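Below is one structure; the comments refer to it alone.
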Amino acid sequence: MSTRAWRIVALVLVGAVAVATLHERLPDAGQVLAAFSSARPWFLVLAVLAEVASLRHFALQQRRLLAGFGVGMSIPRAMAVTVSRSAIASSLPAGSAISAAYAFRQFRTAGATRRAASGVTVLSGVLSGVALLIAYAVALLLPVDGRPGAMLVVVTLALALVVFGIDFRLSRRLYVPVDGADEPPAHGLLPKLAATARATLSNVRDLPPGSWTLSLLHAGVNWATDFACLAAVAAAFDLHVSVARLATVYLSVQLVRQIPLTPGGTGVIEVALLAGLVSAGSPEGAAAATVLLYRLISCWAIIPIGGLTYAVMRRRTAAPVPSAAVPQTPLPAGGQPFAPRLRRLAERRRASATPAYDRPPTRAPRPPRVLTGRRPHG
């Protein structure tokens, strides 16, 4: 079967599960509006802060990997690349691949070699997947009772600040490992997968332990703060669901999200998240309001911000760089009699700014002297 056929089959399966779960339980507009009117704004502020922290730690993850390869990138630029990547991945078909190619180009612009840029791109995805598996293991240890509240979100944000402080202390250390030779291009699916696995293992061996372990920590905080955003929105609508059930629903949706069915998972994530919350015992109106507001904060609002950031970065990249040459003396437009004199002054100024060993000779060398005359008799 082709890739398109597999996507159609997956969409049909997701739709069938959603219809079976939400049969006769779809909320109407009145219930959703009533839930929005009863939302607590303090939790919405916490949700926005948690999502900003999630984006920040994804940017810090890539920044730390670049530092492991000896490439420096400022935090504002890393944030700009992250927001632009998120907008591309959420709005374009095959957005994940286009987002990875965009990140590769930005890493190369920052000074990374081809091997370092591809290594950061691959390792970022691998470490995010490992952190998601660790999050699944942590979700099994959560207590069954207990609803999401402000304490959970505040503790998660405090943990994010601690990790950010550790990264800030280590930001001055720029590791420069040995850059190995590039492998020849492989042909075929299995040889390409094997070459990618070998390159990834080689990059992990070359990176200092502090670099990839801190990147893994950033990836874990990225998932934790994104879940804290969902928990804050659920608490804003007083959703009757435990933290363990909410974490299970969130991680299940993230598993569905890894399958590129639609751009950014639009439509699939909303349906899967609504079905999970309703099946967990949440009221239909509050569950729909939670899904809409969470997706607004974590996805839909990032698209215009990321598009604007992408446009600004592209304009700055395309701007001509002023040359460091000696400034030319402008010639007067209407004073033609003075032009030859000003031209001679400008030539003298350029000559005086040129090092002595680079200056052209001011005059031709004198020819060797030839002695003529009679030879003296001995």
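Each residue in the range 100-120 was checked for being farther than 17 Å from Val83 by Cβ and either buried (at least 18 other Cβ atoms within 10 Å of the Cβ) or free of Cβ contacts under 8 Å to residues at least 12 places away in the same chain (or both), and 8 pass. Between Ala87, Ala80, the distinction of being farther than 23 Å from Ala234 by Cα and in contact with a Gly (Cβ under 8 Å, 6 or more places away or on another chain) belongs to Ala87 only.
Just one of the numbered conditions (1) surrounded by 18 or more Cβ atoms within 10 Å (Cβ to Cβ); (2) modelled with pLDDT under 90; (3) farther than 23 Å from Leu251 by Cα is not true of Leu123: (3). Screening Leu133 on (1) in a helix (DSSP H, G or I); (2) touching a residue at least 12 places away in the same chain (Cβ under 8 Å); (3) more than 24 Å from Thr309 (Cα to Cα) shows it passes everything except condition (2).
Taken together, Val233, Val249 contain a single residue that is part of a helix (DSSP H, G or I), closer than 26 Å to Thr82 by Cα and without any contact (Cβ under 8 Å) to a residue 60 or more places away in the chain, which is Val249. Evaluating Ser282 against the criteria (1) assigned to a helix (DSSP H, G or I); (2) out of contact with any helix residue (DSSP H, G or I) (no Cβ under 6 Å at 6 or more places or on another chain) leaves one unmet condition, (1). Scanning the range 49-78 for residues that are assigned to a helix (DSSP H, G or I) and more than 16 Å from Thr225 (Cα to Cα) turns up Gln62, Arg63, Arg64, Leu65, Leu66, Ala67, Gly68, Ile75, Pro76, Arg77, Ala78.
Let's see how each residue does on (1) in a helix (DSSP H, G or I); (2) over 21 Å from Val268 (Cβ atoms); (3) over 18 Å from the mean Cα position of the chain (by Cα):
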{"site": "Ala89", "(1), (2), (3)": "yes, no, no"}
{"site": "Ala97", "(1), (2), (3)": "yes, no, no"}
{"site": "Ala101", "(1), (2), (3)": "yes, yes, no"}
{"site": "Gln106", "(1), (2), (3)": "yes, yes, no"}
{"site": "Gly119", "(1), (2), (3)": "yes, yes, no"}
{"site": "Val138", "(1), (2), (3)": "yes, yes, yes"}
{"site": "Pro143", "(1), (2), (3)": "no, yes, yes"}
{"site": "Leu152", "(1), (2), (3)": "yes, yes, yes"}
{"site": "Ala160", "(1), (2), (3)": "yes, yes, no"}
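The values are calculated or read from the model by the stated rules, or taken from the named source; none is laboratory data. Everything numeric in this text was worked out from a predicted model, so none of it was measured. Reconstructed Cβ throughout: ideal geometry from the backbone, glycine too, with neighbour counts over all protein chains shown.
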